[in-house]
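**Q** Okay, here's the structure, questions in a sec.
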């Protein structure tokens, strides 16, 4: 087995030592051209010179707020003021309006975030209890090889080292507790920080449904922030089940044909109450992030740090019959992506082009002038920010019913053929299946879907048959934590 140092050296020699000699701006165009064959990404004839910008010594902070749907952030047009600190970040950042996750849920999406490989390639799924193969090169590994101190703080669950997500981290906390535990630990480390480049990964389940009576519970003040008008008696429990367990059981009834929709299990007021609780969780997480941002500013690190904020998936409230996040409809598929460059360079810019979770790793490496390893499937968005490349032609999402998402269409399909088609230009909420009325469009998109599937199978065979994923050995505590989040029934 070739270890990271050997793999990195080989790749660096192939790139002519580019990782040691290229500054940010010098490397961006070359790297974009080198990856021009990335599936689903369209290019224009030439890439203009990027604005003068170098960040080869930047720190990196990657924030993943689990279960955060983009359309519940004020910066993405939501009517409620759920996210004042994230909104302020957005005004200094590049905001991507159509960032689509890779599908499959928390574990596969985070593995894709760290490797820039689709779930159907890296093979890490919640159901198969597999861990990322050590032969895969992660973002943390590349940054550590580039001289970065790497630290991760996660809410545990499916974002744990047992699944291989700790690869490349010098320190990786994954014992749960979310922001109330993670941020004091992170603040303590920042207080002892004495220089040197760092990469921080911060993940929380604070917006995710929980295990207490209420499905989204953050204490009375946050719970009432957007739900004070509710005067019903719903305490989060029905028929002996509460919180995530209740929501998952209702979904099960729908999938078994015992209910038409998850909404049938609740009154409309109760569904709106749960939305308010969810929004209160966003406000809580936003408040905690505000403290982190203030700490970075006080330490003089705010304008020395590249900040990327995103999510693995969103959450549904019976818009398409289910709760939680078991489907690939827009409320789950479309997640925020904000990139804040030091000193607000490129700030307050909105990108309407289609992008994917796969772009996060190569973009961070691109900004730092570090060549991405040859396995990556995503592409840096820096040429897109500069106006020198179009976005993706499509994003392929894995899942029970897979999705091919283009800027204008959403096709749901499986091996047997197209199942649903939505015209996002006129129906962004995916409420009207227009499959029968658009047979040619459906056929064209299904051909792209099959092309993506064939591509992934080829790459999976090349990468994983020689070095298969390892077994993730879960303890009883691991399983209890996953059950509390609504998994592993």
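The values are calculated or read from the model by the stated rules, or taken from the named source; none is laboratory data. Just so you know, these numbers come straight off a predicted model, no measurement behind them. Positions of Cβ are backbone-derived with ideal geometry, glycine not excepted, and every protein chain shown enters the neighbour counts.
So that you can scan it fast, the table gives a plain yes or no per residue for (1) farther than 13 Å from residue 107 by Cβ; (2) at pLDDT 95 or above; (3) surrounded by 20 or more Cβ atoms within 10 Å (Cβ to Cβ):
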residue	(1), (2), (3)
143	yes, yes, yes
146	yes, yes, no
150	yes, yes, yes
155	no, yes, yes
176	yes, no, no
180	yes, yes, no
184	yes, yes, no
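**Q** Filter the helices (runs of 4 or more DSSP H) completely within region 1-116 down to those with at least 1 residues that are at pLDDT below 50.
**A** Those helices (runs of 4 or more DSSP H) span 4-14, 18-21, 24-34.
The rows are residues; the columns are (1) farther than 30 Å from residue 185 by Cβ; (2) surrounded by 20 or more Cβ atoms within 10 Å (Cβ to Cβ).
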residue: 207; (1), (2): no, yes
residue: 213; (1), (2): no, no
residue: 228; (1), (2): yes, no
residue: 237; (1), (2): yes, no
residue: 241; (1), (2): yes, no
residue: 246; (1), (2): yes, yes
residue: 258; (1), (2): yes, no
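**Q** From the list 401, 445, pick out the single residue that is touching a residue at least 24 places away in the same chain (Cβ under 8 Å), touching a strand residue (DSSP E or B) at 6+ places or on another chain (Cβ under 6 Å), surrounded by fewer than 19 Cβ atoms within 10 Å (Cβ to Cβ) and under 24 Å from residue 313 (Cα atoms).
**A** Among 401, 445, only 401 is touching a residue at least 24 places away in the same chain (Cβ under 8 Å), touching a strand residue (DSSP E or B) at 6+ places or on another chain (Cβ under 6 Å), surrounded by fewer than 19 Cβ atoms within 10 Å (Cβ to Cβ) and under 24 Å from residue 313 (Cα atoms).
**Q** Hey, another quick one. Report the residue count in region 260-272 for those that are assigned to a loop (DSSP other than H, G, I, E, B) and either crowded, with 21+ Cβ neighbours inside 10 Å or in contact with a strand residue (DSSP E or B) (Cβ under 8 Å, 6 or more places away or on another chain) (or both).
**A** Looking only at that region, the number is 1.
**Q** Any idea how many residues of region 163-176 are closer than 26 Å to residue 316 by Cβ and assigned to a loop (DSSP other than H, G, I, E, B)?
**A** Adding up the residues that qualify gives 2.
**Q** Separate question: Does any residue of region 192-208 turn out to be under 24 Å from residue 312 (Cβ atoms), free of Cβ contacts under 8 Å to residues at least 60 places away in the same chain and part of a helix (DSSP H, G or I)?
**A** There is no residue in region 192-208 that is under 24 Å from residue 312 (Cβ atoms), free of Cβ contacts under 8 Å to residues at least 60 places away in the same chain and part of a helix (DSSP H, G or I).
**Q** Without any contact (Cβ under 8 Å) to a residue 12 or more places away in the chain and either in a helix (DSSP H, G or I) or surrounded by fewer than 22 Cβ atoms within 10 Å (Cβ to Cβ) (or both): which single residue out of 297, 275 fits that description?
**A** Among 297, 275, only 297 is without any contact (Cβ under 8 Å) to a residue 12 or more places away in the chain and either in a helix (DSSP H, G or I) or surrounded by fewer than 22 Cβ atoms within 10 Å (Cβ to Cβ) (or both).
**Q** In addition: Could you list, in sequence order, the residues of region 137-162 that are in a loop (DSSP other than H, G, I, E, B) and over 21 Å from residue 188 (Cβ atoms)?
**A** Answer for region 137-162, where residues must be in a loop (DSSP other than H, G, I, E, B) and over 21 Å from residue 188 (Cβ atoms): 137, 138, 146, 147, 157, 158, 160.
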